[in-house]
1. Only residues that are touching a Lys or Arg at 6+ places or on another chain (Cβ under 9 Å) and in a loop (DSSP other than H, G, I, E, B): list them for region 77-86, please.
2. So which residues in region 150-167 are surrounded by 21 or more Cβ atoms within 10 Å (Cβ to Cβ) and over 12 Å from the mean Cα position of the chain (by Cα)?
3. Looking at Y84, Y128, which one is aromatic (F, W, Y) and within 30 Å of W206 (Cβ to Cβ)?
4. Here are some residues: A198, A145, A133. Which one is in contact with a strand residue (DSSP E or B) (Cβ under 9 Å, 6 or more places away or on another chain), over 24 Å from L113 (Cβ atoms), small (G, A, S) and not assigned by TED's automatic domain parsing to the domain that holds M59?
5. What number of residues within region 29-40 satisfy the criterion of being more than 10 Å from Y116 (Cβ to Cβ) and buried (at least 21 other Cβ atoms within 10 Å of the Cβ)?
6. I'd like to verify a number: residues in region 44-61 that are closer than 17 Å to I90 by Cα and either without any contact (Cβ under 8 Å) to a residue 24 or more places away in the chain or within 16 Å of the chain's Cα centre (by Cα) (or both), how many?
7. Restrict the check to region 33-43 and report whether at least one residue is of a type outside the set (S, T, N, Q) and under 21 Å from L149 (Cα atoms).
8. Can you pull out the strands (runs of 3 or more DSSP E) entirely within region 1-76 that have at least 2 residues that are among the charged types (D, E, K, R)?
Amino acid sequence: MVSAELELAPSEVTFLETLKEVESSMIFKVAVHGMDCVMKVFHERPREEWDDPDAEISMCIREVTSYERLKAKGLCARGVVPDYYGYLTIADLTLWPDLHMFTNDALPPKAILIEYVPDMKQLDLTNYTKARAEKLRDVLFEINAAKILHSDIAPRNIMVCGGEQERVLWIDFDMAMVFPEDRPLTEEQQEWFDDEAAVMNEFVDWLVCLGTNLLLMSLTFL
């Protein structure tokens, strides 16, 4: 169960920049009442006969459900995932000319509003530190402990921000699976979580090993 949708008029949203476009969604930097936000707009599709009847097929609702639980658990307040502001359905696209690319969709698009984080960069070997990698692993394990399976462990979803208030963040929960907190996981579901943890452990170990080797190589040439 997700919370009620935002009631947001097109006149309250100013589109500033297109940040990213993928097959399933478009991501914009927008201003809402003068505050910079990220607006992620999803192509929605009807349920097909081959879809799992118990699975949520809306990538937007998957992300909404994830963010609402993460916010309730305090992870948004700690800055380890972007803050979440709400979601809405774009019922009348004629009022949203900046979203003309959704006009031919079978269903009205849905959108989420989350925190815009300036200078956020993907974790890579230019900004990697052992402490950052290990903190990101710890945060993922907290996400998993909240019974959220991220389902897309990839560098593009692992972010860092430098500066005085350094942050490491997980983003993009549109592939996530959120499980009831009042019921135990099945054996199969527990295996999914174990596999996700193993992938993250391997990724962190690889980064640490590669970072150490690069440091040793640089010292060799001094």
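1. G79, V80, V81, D83
2. Residue satisfying the conditions is V160 alone.
3. Working: Y84 fails: within 30 Å of W206 (Cβ to Cβ).
Of the residues listed, the single one that is aromatic (F, W, Y) and within 30 Å of W206 (Cβ to Cβ) is Y128.
4. Values: A198 fails: in contact with a strand residue (DSSP E or B) (Cβ under 9 Å, 6 or more places away or on another chain); A145 fails: in contact with a strand residue (DSSP E or B) (Cβ under 9 Å, 6 or more places away or on another chain).
From the options A198, A145, A133, the qualifying one is A133.
5. Number satisfying all stated conditions: 1.
6. Applying the first criterion (closer than 17 Å to I90 by Cα) to region 44-61 yields 44-46, 58-61.
Checking which are either without any contact (Cβ under 8 Å) to a residue 24 or more places away in the chain or within 16 Å of the chain's Cα centre (by Cα) (or both) leaves us with 58-61.
Residues meeting the conditions: 4.
7. Keep residues of region 33-43 that are of a type outside the set (S, T, N, Q), which gives 33-43.
Adding the requirement that they be under 21 Å from L149 (Cα atoms) leaves 40, 42.
For region 33-43, residues of a type outside the set (S, T, N, Q) and under 21 Å from L149 (Cα atoms): present.
8. Details: elements: 13-21, 25-32, 35-42.
The strands (runs of 3 or more DSSP E) meeting that bar are 13-21, 35-42.
The values are calculated or read from the model by the stated rules, or taken from the named source; none is laboratory data. Fair warning: this is a prediction, and the values are worked out from it, not measured in the lab. All Cβ positions, glycine included, derive from the backbone under ideal geometry; neighbour counts span all protein chains shown.
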